[in-house]
Amino acid sequence: MHFLDKEILCTLGPSSRSERVISRLEALGVNLFRINLSHTSVEDLPEIITDIQQKTSIPICLDTEGAQIRTGKLVNNSITVKENSYFHIVSNILVGDDSKMNLYPACVIDELKVGDLITIDFNSVLVQIIGRDSIGLKARVITGGVIGSNKAVSADRRISLPALTDKDVKAVKIGVEMGITNFALSFANRVEDVELLLDIVGDDCFIISKIETLLGIQNQRDISTRCNALLLDRGDLSRELPIEQIPRAQKMIIERAKESGVKCYVATNLLESMCSQPNPTRAEVNDIFNTLNDGADGLVLAAETAIGDYPVECAIMIKKIINEFTFFSNDAPLSLEKTTIKNPYQLVRPHGGKLVERIINNSKQSNLKSLHRLNVKMSDLMNLEQIAIGTYSPLEGFQSKEEVESILNNYALPDGTVWTLPVMLQVELADINNISVGDTIALSKEGDQTIYGTLELSEIYSYDLKNLAKRIFSTDSETHPGVKLLCNNGSYFLAGKIELAERLPSIHKYQELTPRQTRSIFENKSWTRIVGFHTRNVAHRAHEYLQNQSLEKLHCDAVFIHPLVGPKKKGDYESDIILKSYELIIKKYFKDDTALVAAFQSYPRYSGPREAVFTAICRKNFGCSHFIVGRDHSGVGSFYGPTASQELFKELSDLDIIPIFFDEISYCKKCERLTDKCEHDRAEKDSISGTDGRGMIEKQIIPPDWYMRTEISEYLISEINRAGSVFVE
């Protein structure tokens, strides 16, 4: 069974009615949004339905009040009653206090008798009816406590109540008029109760009968003949059944539902602790897993998403547990490999389906010095490291000629996986004189005795470099920095799988994170929608605009800011300056827990559209679901059109990372703000030019605040005064 076969139903309320939360719940695969009529007025219902329908296409389910007793309105929404005190239950509608109060529906006052014991709000308060007078029913408090407005009330004997309240009938009719086709009948005690609802909504609607009483259990099979699903409400059932018997009743109800051919959902106290805490208890997780194991077809989040502090996190946790349940089938042996696979469905899956990790184990370390050693460029060692830690998944080594040809011709690996930029190990003729296919070669760099990794040599091939440059960069002009770098090196290339023996040294190492680490961080923070941001520049207002727009408009959890810290061309900002600039603004200008910055030990290829998609794939492997693509992304000079990268993204499919396209960001003097879309003429706008900004900083001129925050400008100029420059020389 696939994990999506298990359904998730979420109750919408004050905590979850926002567009952001609804969008997130929809993205998580919630199947049904529930409106609880016990906490919704008929007057507000049309507006609430319209609001939800405008925000999502997920179906809405109206859940009736049904045959239940609740407290009326109370002063300040709650009162405190003390043991051996007295109060009256009255029929005239009022705002109750510690001397008199209403029960709802009003007819219940005629059904209660002297001697009845009444529990309020799941046994918080226990009272006894001791008399009836001109005011109403007189009650004595046996166990004191707090009574809240609209709280559940139960008597120690069965009270006959209508299956639908007057409010239910009005609300259901409104729902039908507004296109609602899913209805839940609370306290379904008899098949006749279901028939009553069907008479209003029609046989074409999806009916969920809620089993919340012993009478409902007794009549479950008959009830199942006229509904599409059952919902076991363990909370209300526990008012009639000892709590230690609830697990057994749950198994029985689910089993009977299977026999009747109807679905069975389970609700109440699934993740109660997460109403106020970001993580569940172990007992809750175990309960949910066992509920799924009992055969439940779906899980219902009630207070957790309606009024809790962590509605999205609750839905994520439910999905995680469903995933674990379906991932470990009952008859499959538990293995270390399976138990260490982390969160395969909550974050976007690595490119190609598996996160590559190719690290030399300790047993091989002693043999490294006996291998033929080949000194390679720092950029090659960076590629070695990034392949090994999974950044370039599914690549396991430097690419063969067949792979390179497939990439250049089809933007894909030979197996069809989208890939746009060759990762090649370029060497001189002299380097291949003493090596042969089949050799394992130790990779190091000039002047350094450290062996950083190995290459299992599978192929030696060559290219005409001018022709190769034209195919990769769409130009063979050596004024292009990528072309110049390619053509100034050898025309031979080595292919084969690699293993990493040693991480590269760097002053930024403590700021680097591997894909496995970022995925662990994202999971820890319950982030699932993460925007990747690739940059080789200091923080400026256009970048902030891109990041914040992505967070707000696409309802993402966080932005993963991932600046390059490898070799760059002359005039680019130094890596430590870039990282420090983001450190300065995140603390002050980003909302808490919405950004993560890490150094990316790689280098710019300046290959325009091919590199733009490549950098998106890398961030996908780090766990990002979205990726910002601006104008002339990864371009240089005028070699690529301003929208060339965006056009390639649109051409390619199966990326599984959502590109976020932005036009040129400018400052509109009429709007007095940054914008990528504005009705005003271009003459009213000041463009944000990286070249102009660098020029101002070089001259120690503070750029306008709409271009760069003053804190950043002052920091850059102070660094020039201290160190002489903030740019690559």
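The values are calculated or read from the model by the stated rules, or taken from the named source; none is laboratory data. Please read these numbers as outputs of a predicted model, since none were measured by experiment. Reconstructed Cβ throughout: ideal geometry from the backbone, glycine too, with neighbour counts over all protein chains shown.
Would you be able to tell me the number of residues in segment 395-413 that are within 21 Å of Val437 (Cα to Cα) and touching a residue at least 12 places away in the same chain (Cβ under 8 Å)?
10
Please report, ordered by residue number, the strands (runs of 3 or more DSSP E) entirely within segment 18-98 with at least 2 residues that are under 32 Å from the mean Cα position of the chain (by Cα) and in the same structural domain as Phe206 (by TED's automatic domain parsing).
Correct list: 32-36, 60-63.
Kindly provide the set of residues from segment 342-392 that are more than 21 Å from Asp439 (Cα to Cα), small (Gly, Ala, Ser) and out of contact with any Pro (no Cβ under 7 Å at 6 or more places or on another chain), ordered by number.
Scanning segment 342-392 gives a single hit, Gly353.
Quick one: in segment 208-252, which of the residues that are polar (S, T, N, Q), part of a loop (DSSP other than H, G, I, E, B) and at pLDDT 95 or above is farthest from Asp287 (Cα to Cα)?
First pass over segment 208-252, keeping only residues polar (S, T, N, Q): 209, 213, 218-220, 224-225, 228, 238, 245, 250.
From what is left, the residues that are part of a loop (DSSP other than H, G, I, E, B) are 213, 219, 225, 228, 238.
Those still in the list that are at pLDDT 95 or above too: 219, 225, 228.
Values: Asn219: 26, Thr225: 29, Asn228: 25 Å.
Out of the qualifying residues, it is Thr225.
Determine, yes or no, whether Ala171 is over 25 Å from Val262 (Cα atoms), in a helix (DSSP H, G or I) and in contact with a strand residue (DSSP E or B) (Cβ under 7 Å, 6 or more places away or on another chain). First the steps, then the outcome.
On the way: over 25 Å from Val262 (Cα atoms): yes; in a helix (DSSP H, G or I): yes; in contact with a strand residue (DSSP E or B) (Cβ under 7 Å, 6 or more places away or on another chain): yes.
It is true that Ala171 is over 25 Å from Val262 (Cα atoms), in a helix (DSSP H, G or I) and in contact with a strand residue (DSSP E or B) (Cβ under 7 Å, 6 or more places away or on another chain).
Does segment 393-434 hold any residues that are surrounded by fewer than 17 Cβ atoms within 10 Å (Cβ to Cβ), among the hydrophobic types (A, V, I, L, M, F, W, C) and either touching a Pro at 6+ places or on another chain (Cβ under 8 Å) or more than 19 Å from Leu486 (Cα to Cα) (or both), and which are they?
Across segment 393-434, the qualifying residues are Leu408, Ala412.
Here is a check on your reading of the model: is Leu554 hydrophobic (A, V, I, L, M, F, W, C), in the same structural domain as Glu698 (by TED's automatic domain parsing) and surrounded by fewer than 20 Cβ atoms within 10 Å (Cβ to Cβ)?
Considered against the rule, which asks whether it is hydrophobic (A, V, I, L, M, F, W, C), in the same structural domain as Glu698 (by TED's automatic domain parsing) and surrounded by fewer than 20 Cβ atoms within 10 Å (Cβ to Cβ), Leu554 comes out as yes.
Condition test on Ile460, is it in a strand (DSSP E or B), free of Cβ contacts under 8 Å to residues at least 40 places away in the same chain and β-branched (Val, Ile, Thr)? Show your work before the answer.
On the way: in a strand (DSSP E or B): yes; free of Cβ contacts under 8 Å to residues at least 40 places away in the same chain: yes; β-branched (Val, Ile, Thr): yes.
Judged against the criteria, Ile460 is a match.
Hey, among Asp656, Asp632, which residue is among the acidic types (Asp, Glu) and either within 26 Å of the chain's Cα centre (by Cα) or at pLDDT 95 or above (or both)? Don't jump to the end; show me each part of the working.
Numbers: Asp632 fails: either within 26 Å of the chain's Cα centre (by Cα) or at pLDDT 95 or above (or both).
Step by step, each of Asp656, Asp632 is checked, and only Asp656 is among the acidic types (Asp, Glu) and either within 26 Å of the chain's Cα centre (by Cα) or at pLDDT 95 or above (or both).
Let's see how each residue does on (1) in a strand (DSSP E or B); (2) in contact with a Ser or Thr (Cβ under 9 Å, 6 or more places away or on another chain); (3) on the phi > 0 side of the Ramachandran plot:
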site	(1), (2), (3)
Ser379	no, yes, no
Glu402	no, no, no
Ala430	no, no, no
Gln449	yes, no, no
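I'd like the residue in segment 8-17 that is touching a helix residue (DSSP H, G or I) at 6+ places or on another chain (Cβ under 9 Å) and outside any loop (DSSP other than H, G, I, E, B) and, out of all such residues, is surrounded by the most Cβ atoms within 10 Å (Cβ to Cβ).
Here is the first cut: in segment 8-17, the residues touching a helix residue (DSSP H, G or I) at 6+ places or on another chain (Cβ under 9 Å) are 8, 10-17.
Of the ones still in play, those that are also outside any loop (DSSP other than H, G, I, E, B) are 8, 10-11.
Numbers: Ile8: 22, Cys10: 29, Thr11: 25.
Only one residue fits best here, namely Cys10.
Here is a yes/no grid of residues against (1) of a type in the set (Val, Ile, Thr); (2) crowded, with 19+ Cβ neighbours inside 10 Å:
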| site | (1), (2) |
| --- | --- |
| Glu583 | no, no |
| Arg605 | no, yes |
| Cys624 | no, yes |
| Val629 | yes, yes |
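Across segment 128-158, which residue is surrounded by the fewest Cβ atoms within 10 Å (Cβ to Cβ) among those that are closer than 21 Å to Pro242 by Cβ and among the aliphatic types (A, V, I, L, M)?
Within segment 128-158, the match that is surrounded by the fewest Cβ atoms within 10 Å (Cβ to Cβ) is Ile142.
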